[in-house]
């Protein structure tokens, strides 16, 4: 897990180098690197704008909760972007569909257990930035419906999930 984080940090450091120009959040061909969270997806995130309307997003993360419990999450999203609007407060609404993998492993008090699920979700949100703030930096907030069913008899989940993120966009 540490190797994934180190590799990701090296990639982010490369992206922040001065040889790559900042790009707007809606421009085709721009890559956004940052952090995102929306259950069960959380962690490092990358967004790529295929066009002004179509965006792909990958989020990967993991956590150690103490007491021998840890988790891993990998989620992919398709975002359909609506028209960007605003002047001082620039915003872009979007709708999304997501599919992901989430696992939890625990060895609390000598009892080992693990569970994993394929998760799904649909929802919508808004990505926004401020004029004359930090060129290329955008924030997002979303609300959706997620669900999944854990293996090993741990049950299932479904319900509303809210999330947020921050990305810096580059023109590659």
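Do any strands (runs of 3 or more DSSP E) lying entirely in the stretch 86-172 carry at least 2 residues that are farther than 20 Å from residue 74 by Cβ, in contact with a helix residue (DSSP H, G or I) (Cβ under 8 Å, 6 or more places away or on another chain) and touching a residue at least 24 places away in the same chain (Cβ under 8 Å), and which ones are they? Hits in the stretch 86-172: 156-171. With the structure loaded, tell me whether residue 144 is over 21 Å from residue 70 (Cα atoms) and surrounded by 18 or more Cβ atoms within 10 Å (Cβ to Cβ) or whether it fails that test. For residue 144, the condition - over 21 Å from residue 70 (Cα atoms) and surrounded by 18 or more Cβ atoms within 10 Å (Cβ to Cβ) - is met.
Taken as a whole, the condition of being surrounded by 14 or more Cβ atoms within 10 Å (Cβ to Cβ), farther than 30 Å from residue 111 by Cβ and in contact (Cβ under 8 Å) with a residue 60 or more places away in the chain does not apply to residue 41.
When 59, 55 are checked against the criterion of being crowded, with 20+ Cβ neighbours inside 10 Å, at pLDDT 95 or above and more than 18 Å from residue 162 (Cβ to Cβ), 55 stands alone in meeting it. Scanning the stretch 71-85 for residues that are part of a strand (DSSP E or B) and crowded, with 17+ Cβ neighbours inside 10 Å gives 71, 72, 73, 74, 75, 77, 79, 81.
Any residue in the stretch 46-59 that is in a strand (DSSP E or B) and at positive phi? No, the stretch 46-59 contains no residue that is in a strand (DSSP E or B) and at positive phi.
The values are calculated or read from the model by the stated rules, or taken from the named source; none is laboratory data. Note that the structure is predicted; figures quoted are calculated from it, not measured. Using ideal geometry, Cβ is built from the backbone for each residue, glycine included, and neighbour counts are taken over all protein chains shown.
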